[in-house]
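These notes are about the structure you will find just below.
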Amino acid sequence: MRFATHLEATSDGTTFALDSLQTCHDGQPIAVRYDLRALAANVERDALRRRPPGMWRYRELLPHASDAEVVSLGENATPLLPCPRLGARLGLSRLLIKDESTLPTGSFKARGMAMAITRAKALGVTHVATPTAGNAGGALAAYAARAGLRCTVLMPADTPLVNQREVHWYGARAFAVDGLIHECGAIVRQGAERGLWFDMSTMKEPYRLEGKKTMGLELADQLGWRLPDAIFYPTGGGTGLVGMHKAFAELRELGWLDPAAPLPRLFACQASGCAPVVTAFENGSPTAELVPDATTAAAGLRVPKPFADRMILTALRESGGAALAAPEAELSGWVGHAMRDEGIALCPEAAACLVGARQALARGLIAAGDEIVVFNTGAAQKYVEFLAAELPRLDRAAPDWVRLAGADDGPATR
Ligand SMILES: *Cc1c(COP(=O)(O)O)cnc(C)c1O
């Protein structure tokens, strides 16, 4: 049974039929709306837990018409990992990392693209295109391949190598552009206006947001229909943050959360070389200004002016959170801490969240005993240039190889 009822423009509330193919309206995103009253009357939240884990468990809060429609690569529920050693390093006693790097294609982009491709295919799209700063291209190319759709991806020429190669090998037509993501986006928009392809850019169609919303639904489910005190989210285009904000609002309206418990404070974490949301937040502005010459190794954060800036800033302010900028020089150190302290393959984008959590603690925006969730949005393994390392050579014929290898640093068993 489907509880999605219609699509609604976020600018002026104009409505559109649920099964019509839409992009945006008045230059602003369009959102999927549900009959939450009917959903609450017909679905028990704990019944969801008897279904297989993963994003499709929440199907009544998603817009597709039937299970048969779903284009899937086996989207798993991602682990929510307590991080005591990393937390102690930050001065936080209850730090959890939600590790989205375990999803198909190695990033949370899989959630959005699985949903968007599911709908695009059902609504008759045959060719999809997107600009990308990193992982969105790979995820779109993979799901387009799975669905049998044609795919075109445009990315800055200095996008991480793995992101460039994966798109090619998933069979998309991929181009390296001498510009940033918004300049790639302008080409995709022109192609869409000419009818060459359907524009799957962040927030320019209504369904990626619904897929990303499942991060928030799954978090609540994993915590026993409860939410943490604060969430630190690496924010580029903002769908993850806005999606979770929408998820929490829907869960609360459904009566699935304790109405007396406050919703989590949302913190948008960016890198100092590209922090348009931080600047806008600090200036009290409703929209962001384009950052010229945006640079950061955290590729997913290199979005000089997010299209959904209004929605991001509203989510931050409504939740009582903030936007925080991590100095670029601190990112690699925190990737290393997370990998060595906890064994979690943290992406540089998520490293910005650890820096942000430290800043928030120092500024009194969070307390040492708060329950804090950091989203690891992607896999460290996709950043081979950034996480370069040279291994020392070991000559297997050398008589003193044991000493050279440092293998004699203590007994091997307790
Ligand atoms: C895309 C991406 C982000 C930014 O996500 P938004 O939801 O667009 O703000 C963060 N981290 C990684 C690894 C990404 O690929």
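The numbers here are math on the coordinates, done by the rules we state, and not lab data. All values reported here derive from a predicted model rather than from experimental measurement. Using ideal geometry, Cβ is built from the backbone for each residue, glycine included, and neighbour counts are taken over all protein chains shown.
For this structure, a couple of remarks:
- Beta bridges by DSSP in the chain, antiparallel share as percent, to the nearest 5: 35
- P(r) tail fraction, the stretch 287-357 - alpha-carbon pairs more than 16 Å apart, %: 56
- Phi to ³J(HN,Hα) by Karplus 6.51 cos²θ - 1.76 cosθ + 1.60 over the stretch 356-365, Hz, x for Gly, Pro: x, 5, 5, 5, 5, 5, 4, 8, x, 7
- Size of the stretch 175-271 as Cα extents on the principal axes (Å, biggest first): 50, 30, 18
- Most mobile of ALA142, ALA260, ALA360 in a GNM of the chain (Cα contacts under 10 Å): ALA260
- Overall form of the stretch 164-231 per C-alpha gyration tensor (a/c, 1.5; a/b vs b/c): prolate
- Hull-based mean projected area of the stretch 240-377, where the convex hull spans the alpha carbons, in square nanometres: 8.9
- Dipole magnitude of the stretch 356-414 about its Cα centre (Cβ charges: Lys, Arg +1; Asp, Glu -1), debye to nearest 20: 100
- Nitroxide proxy distance, nm - points 7 Å out along Cα→Cβ at HIS127 and GLU390: 4.7
- The stretch 219-230 - phi-based ³J(HN,Hα) in whole Hz, Karplus 6.51/-1.76/1.60, Gly and Pro as x: 4, 4, 4, 5, 8, x, 6, 9, 10, x, 6, 8
- Residue with peak Gaussian network fluctuation, the chain [Cα springs, cutoff 10 Å], from ALA275, ALA77, ALA41: ALA41
- Helix axis angle, 309-319 relative to the chain longest principal axis, alpha carbon, degrees: 80
- Cα long-axis angle, helix 135-147 against the chain (0 to 90 degrees, to the nearest 10): 60
- DSSP-assigned coil residues among GluC sites (Glu not before Pro) in the stretch 334-414, each with at most 11 further Cβ atoms within 10 Å: GLU385, GLU390
- Amide H partners (placed H, <5 Å) of CYS151, local residues excluded: VAL128, ARG173
- For the stretch 71-195, alpha-carbon Rg relative to the globular expectation (2.2 N^0.38 Å, N residues): 1.23
- Paramagnetic label zone (point 7 Å from Cα along Cα-to-C-beta, THR5; backbone N under 11 Å) in the stretch 44-63: none
- Fluctuation leader among GLU218, GLU205, GLU282 - the chain, Gaussian network, Cα springs under 10 angstrom: GLU282
- Overall dimensions of the chain as given by Cα atoms, namely Rg and Dmax in Å: 21.5, 78
- Whole-angstrom gap from the stretch 203-270 to the stretch 9-71, using each part's C-alpha centre: 15
- Comparing Cα centroids, the stretch 142-196 and the stretch 300-328 end up 24 angstrom apart.
- Unit Cα scatterers, Debye sum, the stretch 3-49: log10 I(q)/I(0) for q = 0.20 Å⁻¹: -0.68
- Across the options PHE232, SER101, SER285, the greatest Cα extent toward the positive end of the charge dipole of the chain (unit charges at beta carbon of Lys, Arg, Asp, Glu) belongs to SER101.
- Cα pair distances exceeding 16 angstrom across the stretch 369-414, given as percent: 69
- Once the chain from THR295 to LEU81 is taken as fully extended at 0.36 nm per residue, the excess over their C-alpha distance is 74.0 nm.
- Fraction of antiparallel bridges per DSSP, the stretch 149-307 only, in percent to nearest 5: 10
- Summing Cβ point charges (Lys, Arg +1; Asp, Glu -1) relative to the Cα centre of the chain gives a dipole of roughly 680 debye.
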